[in-house]
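What follows draws every value from the coordinates through simple rules; no lab data is involved. This is a predicted model, so every value here is computed, not measured. FYI the Cβ positions are ideal-geometry reconstructions off the backbone, even for glycines, and counts take in every protein chain you see.
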Amino acid sequence: MMSAADFLRQYISETNLILYGGLLTIVPGSFFMLALYISILRVHFAIKRDGKEPLGLGPIWLIELATAFMVTKSQYNKTIKHQAEHGVDLVPYALIQPYIKPMDRFIARAWIFFGALLLPWIMLDMWLYPDISS
């Protein structure tokens, strides 16, 4: 009896798996990653242009900004209300919200989508060709 991995190896070569994985996930994912950082810089300089103190561009804030770009306006309002009730201002969503455009949300969500699409592709590669992956 042939295992499922042996059966799939007959139809999917390692070269095709790597090539199509790169074309379908890494190339658009890299494009959207670059677009996300350009959007973050656009928001940063728009806040600075309006005379407000923008957030720093350290790694933690970049992750927070990418997360802030993905949430909807109703989630923003809930977070702002929650922060106002408890007197905390962990992530200044109220500062960022007016500057985020729908295209920024699309870019951030597409970046996460292609990153999530890459993970099963890597797992398939590691399952079918374990000797090369290790």
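For the reader, a short list of remarks on this structure follows.
- When the P(r) of segment 1-72 is calculated, the portion above 14 Å amounts to 73% of the C-alpha pairs.
- For segment 66-134 and segment 1-45, distance of Cα centres in Å: 18 Å
- Phi angles across segment 43-53 convert, under the Karplus curve 6.51 cos²θ - 1.76 cosθ + 1.60 with θ = phi - 60°, into 3J(HN,Hα) values of 5, 4, 6, 5, 5, 5, 5, 7, x, 9, 7 Hz, Gly and Pro given as x.
- Each residue of segment 17-28 was assigned a 3J(HN,Hα) from its phi angle through the Karplus curve 6.51 cos²θ - 1.76 cosθ + 1.60 (θ = phi - 60°); the sequence is 4, 5, 5, 5, x, x, 5, 8, 10, 6, 5, x Hz, with glycine and proline shown as x.
- The chain: proportion of alpha-carbon pairs further apart than 21 angstrom, %: 55 percent
- The calculated 222 nm mean residue ellipticity attributable to helices in the chain amounts to -23500 deg cm²/dmol, summing -39500 (n - 2.57) over DSSP H runs of n ≥ 4 and dividing by all residues.
- Annotated for the chain: lysine pairs at least 8 residues apart or interchain, Cα distance under 19 Å, count 5.
- Extreme residue, positive dipole direction of the chain, given options M70, L17, L118 (C-beta unit charges): M70
- Mean-square fluctuations from a GNM of the chain, with a 10 angstrom spring cutoff on Cα atoms, peak among Y20, Y93, Y11 at Y11.
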